[in-house]
Amino acid sequence: MDGKRPIVSSVHGMVAAAHPLAASAGARILAMGGNAFDAAAATTAALNVVEPYMSGLAGLGYATCYIAAEQRVRCLNYAPRIPGKFPAGKFAEREEIQRHPLASGTPGNLAGWCELVRAHGKLSLAEVFAPAIALARDGFPLGRFNVELTNLSCVQLADHPQYAELNRVYAFGRGRVKQGEVLKQPDLAATYEAIVKDGPGHLYGGPLGKKMAAYLQSIGGCITEEDLAGVKPQWVDPISVNYRGLTVHSMSPPSEAFQWLLTLRILEGFNLGAMERNGVDHLDTVFRAIRLAAGVRIARNNPNPAELAEILSDAHVAKLRARVADGKPVEGPTEQFVTPQPIDLNKEHTTSLSIADKFGNAVCITQSLGAGFGNGIVIPGTGVCMNNFLYWSEVDTGGRAPLVAGGEIALCVSPSIGTRDGKLVLSIGTPGSYGIMQTQVQALVQYVDFGQDIQDAIAAPRGRLWDGTKIDVEGRIRDEVIAALVRRGHGAVKAPDFTMQVGGMQAVAIDPTNGALTGAADPRRDSYAVAP
């Protein structure tokens, strides 16, 4: 018909995830009578199998949830603190740690998945992990995206001292994969079966934790059994802002999600809906607001509650709105540091999912290993790939997010829930590193200000802002609009029509009047929305 993805809607539940087999795993759990919390754990465990370069049980992340029984939004932080024996000051340059054994943060994902089930789920771990165990043991045919990301990572990691195990587990021992080959992961299946039997304690204080700590220490890492035994996911209240009647809830600091909420506060002062959609006024206003909010986040990272209140205050927002409106070019950082960083499109890989059930619950998760296959270290015989999240902290111990033993990790992942008049209406999240807070703004503007349905809002063209003035703008934006952006001071460059640089968003929109759940999956990834 029109070449668009179909609208996927249901009243029985909805799972939107970055791979169709993972979304199907979550939908299967909903069909069994499980709820969104059960389905979230099943989906994330399956994602570990079918996109192992993006996330896994040894990664870190956050979940933002609408808990129907409590009629409120809560957030689960499962990003543990920096390992207790990390040698602060060891590295002079950030790049030194990127694939180093010391780059691994203490794994939190498995603890987070199990806590969702323990606190609010209806099913057993055996039921929840069953789809992932079957996928790992039986295997699955590799798709185009699997091939692209696996082969790219193998090239990047070929000289890594621990490459042999990664190559054996994910690339058939030959450093390359082909579309249609069936990838089986029996080691991971066995690890999952042990987790079902022993619970999360299999990693946090048990045999897997002992093996992980011993191996990492033997090759220069610092995670200890004590670090693992001390992992305790934390339920916290969200931070929230109102955007044209929609209350958007996301993670509080040390999460960096406040950047995207600040951007929404700025944009509420402009009548975007009266502008031409995807025209120069619309994009110029949004890009200026995004860059200003990014500068605030970088300069004032990990604010305490009083600082955060001031950042989101009417007085501060008014100053930023005036700067957006003054027409003068806006130049500044968007990544992690005030000093401009080199652009590396291959250094970060993340996943996000959104789930809603027929009971009125919703879960939005964004989690990662950091880079593709994390730091490239697979714990031998377990199928567990380590993360490299400490690369996203500052080697300068005097920085806003310093690498110090026991310190907090500031993550840019920003899973979010939307409510209107207290009722659940939206779950929305995306991968994309420091572009996460940019992508979510641009999609929400399409949805709220321009009235696009949730699938079209996610598919709409977007831009990715980099340090300085550079913006990669998807090629579906007209050439004359890109040229006009350049005249207004943006370093706008035409990118491919669809590019993963601008994220890979998943969302579920909920109609509170009739219970209809509509899933949306980003065409920039192998994303799919599936109903039970």
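The values are calculated or read from the model by the stated rules, or taken from the named source; none is laboratory data. Quantities reported herein were computed from a predicted structural model and do not represent experimental measurements. Neighbour counts are summed over all protein chains in view; Cβ atoms, including those assigned to glycine, are modelled from backbone coordinates with ideal geometry.
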Number of the exception - M500 against (1) surrounded by 22 or more Cβ atoms within 10 Å (Cβ to Cβ); (2) within 19 Å of the chain's Cα centre (by Cα) = (1)
Which numbered condition trips up P107, out of (1) assigned to a loop (DSSP other than H, G, I, E, B); (2) more than 28 Å from Y66 (Cβ to Cβ); (3) touching a residue at least 12 places away in the same chain (Cβ under 8 Å); (4) out of contact with any helix residue (DSSP H, G or I) (no Cβ under 6 Å at 6 or more places or on another chain)?
-> (2)
Being among the hydroxyl-bearing types (S, T, Y) and more than 16 Å from the chain's Cα centre (by Cα) is the filter; apply it to segment 507-527 and report the residue that is nearest to H12 (Cα to Cα).
-> T518
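Under 18 Å from the mean Cα position of the chain (by Cα), in a strand (DSSP E or B) and at pLDDT 95 or above: does that describe G112?
No.
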Name the pairs whose Cβ atoms lie under 6 Å apart, with the first residue in segment 314-336 and within 24 Å of G432 (Cα to Cα), the second modelled with pLDDT of 95 or more and of a type in the set (S, T, Y), and 6 or more positions between them or separate chains?
-> E331/T469
Answer yes or no as to whether D344 is at pLDDT 95 or above and of a type in the set (D, E).
-> no
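Only residues that are farther than 26 Å from L390 by Cα and assigned to a helix (DSSP H, G or I): list them for segment 196-246, please.
Listed by number, the residues that qualify are V196, K197, D198.
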Is it true that some residue in segment 177-195 is touching a helix residue (DSSP H, G or I) at 6+ places or on another chain (Cβ under 8 Å), of a type in the set (D, E) and assigned to a loop (DSSP other than H, G, I, E, B)?
-> no
Picked from segment 242-267 (must be touching a residue at least 40 places away in the same chain (Cβ under 8 Å) and over 20 Å from the mean Cα position of the chain (by Cα)), the residue surrounded by the fewest Cβ atoms within 10 Å (Cβ to Cβ) is G245
Pull up segment 268-278, narrow it to residues that are under 15 Å from A443 (Cα atoms) and not charged (D, E, K, R), then point me to the one that is nearest to the chain's Cα centre (by Cα).
-> N278
Entirely in segment 1-94, the strands (runs of 3 or more DSSP E) that have 1 or more residues that are under 21 Å from the mean Cα position of the chain (by Cα) and within 28 Å of G230 (Cβ to Cβ) | 60-67, 72-78
Would it be correct to say that V177 is within 22 Å of A22 (Cα to Cα), in contact with an Asp or Glu (Cβ under 7 Å, 6 or more places away or on another chain) and buried (at least 16 other Cβ atoms within 10 Å of the Cβ)?
-> no
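Working only within segment 131-152, note down all residues that are in contact with a Lys or Arg (Cβ under 6 Å, 6 or more places away or on another chain), buried (at least 16 other Cβ atoms within 10 Å of the Cβ) and part of a helix (DSSP H, G or I).
Passing the criteria: only P131.
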Options G26, G89, G13: the member that is at positive phi and crowded, with 22+ Cβ neighbours inside 10 Å = G13
Odd one out for Q156 among (1) part of a loop (DSSP other than H, G, I, E, B); (2) farther than 30 Å from R118 by Cα = (1)
